[in-house]
Structures are given as C-alpha cells and as structure tokens.
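What follows is one structure encoded as structure tokens, with my remarks underneath.
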Amino acid sequence: MINRFMLRMQSGESYVFETECLAVTLEREAYTPYTQVTATFLSQGQEYGNVTSIQLYHRNYRIFMGLVDSIRQYCRDGRAFVQVKSRSFTSVLAQNEIVPGMHFDMTIGRLMTGFYTFPNVYYEDYAGSGYIFVKDGASIWDSIVNFGYKLSGHYPYIHMNTVRLTPHDSPKLTAPDSSQVLEYGEVQDMTKIVSMYHMADIEDHYDAYRLENPVAAASEIVRHKQIRMDKQYLSEPEQALQFRNLFSQRGWRARYVVYNGFANEEICDRVSFGEFLPESSICRVQMTFGSNGLRTKLWAYDDGFYHIGRAQ
C-alpha cells in the first residue's frame, strides 16, 4: 500500500507490531512541547498490557516516538481493533516540576539534565547562562520557555524529541502544486490577545511597568492584565512584558495549505504555495489518514515570534 503505516509497541525488552492501519492523526505545534498521535489498527489479538512506548512508521520511515497515554482494545462486527494514544517523549517536560525559587548559574543543559533523567529527550546545546526563578507549580517546560526566551529572544520548540532555540539544520521544503492542494486559507484569532499588561515593581507598587499591544489597539480589543513583578526577569522587567505580549499573540494570524500526502514535516521546516504563501517556517502540522485517504494541513504563523515570508 502506498500509505502503509506500521505500529511498533515496546513491552519490556520485546516489541509488538501491528500493520493493518485504519486511521491515524498526528499533530505538531510550535508552542506545544510534544507531538501527539492517535492510531487505530486491526488487532492480531496480541497482549498490550505492558506496552510503555510506541513508534509509528510510514513507508518504513519512523515518523513518531513517544510514551503511551492510553490503549483501547475493542471488537466490532467480528473484528478486533486496537487504538493507541501517545505523546512524544518531550511531554514529560510539561509534567515535571523543580524546587521553586531562584537557581543560579543555569544553562539549558543543566535545566534539562540537572534535576531528573528523561530518557529519549534531547536538547540543543545553546550557549549562555544565567539565573532562573521557578514559580510555584511551574513545569520544567515553563522554565525552559522563559529562560530560552531570555537567551535567544525566541520561543523554544520541539524537533524530533529535541528542545531547540534556533532553526534546525537542513530544513526541508514542502511546496505542493495546485493539483495536490485540497484547500488553502487564512485565519485570524483574536481570542488570546491582551491589549495592555501592567506590572508591579519589586516593592509591589502596581503599574510601575506597562506595555500596550498595537495589534490589540488596531483591532479595538480592550483586555488589561495586572501582574506582580515577574522575578524571572528581575534584571530586565520590560522583557517580561514583551514576552507576555508576544505569547498572547501566538498563532493569532496564520495561513494554511491542505494537500494530499504526507512528507513528515517538522516544526521549522518550510512550506510554500505560490504567491499565497511565500516560503515560511512551518508552525503547525496536522496529518490525518483514514477513509478519505492521507492528507496534511500545514500552517505558517505571522504572530511576532514567526513571520510569513521568512524563516524563524
């Protein structure tokens, strides 16, 4: 089959394989610290009780590795099925916390490896060090995001179970022609945009710092947020407001193209479609396989962190 998928499930030191695929959904997104997959296969009646991780292959090429969230076995019309839901190994970064408070002489490497061991999770060895302030209830991913932004000025993203702050090497380009394209369009989502942030100083005097969002002003959006001094940015308080402003705009303006097929696109690969979508960084990948065949929806954001018409 041209769209052949194979599911490889690890159980201890052994593997369970399924090859008769009925449906797959896969999604990657620039501001989400993991890829998520749901896959349904005809079951060979195997034992799945001890499965801990999966690998999904398309045309003999591995397109996903991750931890099992759930496995469902069921029968219908005399046939047995298995459905697996999984998120990539980097999902653990959003599920673990470190001791709150100030941590000095921190690097991305120390943040990734100095507290816990996460198998199959990797990171770009980005230069730079400094302090981090960990809030109560904050995940390791929250610390990576804020520290990464202070170091690089950009929002960290996931590429193949690796945390990155810069574009990955040799990004591939997907440029479908009109015969392959099923749909294309543009979206504007104003629901998260904040019009002005007000932040207190270290002595809790409110409105010591403020930042207005021109995108909100142009759209006549009125949403004010009052926050205490963000100790993650003690040395540069204005940067705390700049980060929040950009984050409130995440994905607010985007263009997309839907095409027949799948090329295993990753975040910060490239996409283009004629004059409508000049070559841009891919910010979201939505692949579906089922009764309607195999199709992929690729999104390029124009939101402040990412810009249509140029790479990250």
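A DSSP coil position with no more than 16 other Cβ atoms inside 10 Å describes the following trypsin sites (Lys or Arg not before Pro) in segment 217-312: R223, R228, R310. Over the residues of the chain, the helix contribution to mean residue ellipticity at 222 nm works out to -3500 deg cm²/dmol, using -39500 (n - 2.57) for each DSSP H run of at least 4. The fraction of accessible area contributed by carbon and sulfur in the chain is 46 percent, rounded to a whole number (1.4 Å probe; ligands and nucleic acids excluded).
Taking the Cα centre of segment 1-41 as origin and assigning +1 to Lys and Arg Cβ atoms and -1 to Asp and Glu Cβ atoms, the resulting dipole is close to 100 debye. Estimated from the Cβ-Cβ distance and a Förster radius of 30 angstrom, the FRET efficiency linking E279 and A217 is about 0.45.
Its Cα centre serving as origin, segment 18-125 has a Cβ charge dipole (Lys and Arg +1, Asp and Glu -1) of approximately 300 debye. Solvent-accessible area per residue in segment 1-76 equals 53 Å², computed with a 1.4 angstrom probe and all protein chains kept. Couplings 3J(HN,Hα) of segment 76-82, computed from phi: 8, 6, x, 10, 9, 10, 9 Hz, in residue order, whole Hz [Karplus 6.51 cos²θ - 1.76 cosθ + 1.60, θ = phi - 60°; x for Gly and Pro].
Angle of helix 237-248 to the longest C-alpha principal axis of the chain, folded into 0 to 90 degrees and rounded to 10: 40°.
Rounded to the nearest 10 degrees, the inclination of helix 140-152 to the longest alpha-carbon principal axis of the chain is 60 degrees.
Projecting the Cα atoms of N96, S53, A39 onto the dipole axis of the chain, where Lys and Arg carry +1 and Asp and Glu carry -1 at the beta carbon, places A39 farthest toward the positive end.
In debye, nearest 20, what is the charge dipole magnitude of the chain about its Cα centre with +1 on Lys and Arg Cβ and -1 on Asp and Glu Cβ, if you could check?
Numbers: 30 positive and 35 negative charges, 152 e Å.
So the dipole magnitude of the chain works out to roughly 740 debye.
Using a Gaussian network model of the chain in which every pair of alpha carbons under 10 angstrom is joined by a spring, one finds that among G49, G148, G290 the greatest mean-square fluctuation is at G49.
Please find the FRET efficiency linking K85 to R4, where r is the Cβ-Cβ separation and R0 is fixed at 25 Å, and quote it to the nearest 0.05. Intermediate results must be reported in sequence, preceding the final value.
Numbers: r = 21 Å, r/R0 = 0.84.
Step by step, r from the Cβ atoms, then E = 0.75.
In order along segment 250-263, the Karplus-derived 3J(HN,Hα) couplings, from 6.51 cos²θ - 1.76 cosθ + 1.60 at θ = phi - 60°, round to 3, x, 5, 10, 8, 10, 9, 9, 10, 9, 6, x, 7, 10 Hz, and Gly and Pro are given as x.
The values are calculated or read from the model by the stated rules, or taken from the named source; none is laboratory data. Remember, predicted model here, so these are calculated numbers, not experimental data. Positions of Cβ are generated from backbone atoms using ideal geometry, with glycine treated the same way; all protein chains shown enter the neighbour counts. To get the accessible areas, we keep the full protein, side chains included, count just its heavy atoms, and leave off ligands, DNA and RNA. Shrake-Rupley method; radii C 1.70, N 1.55, O 1.52, S 1.80 Å.
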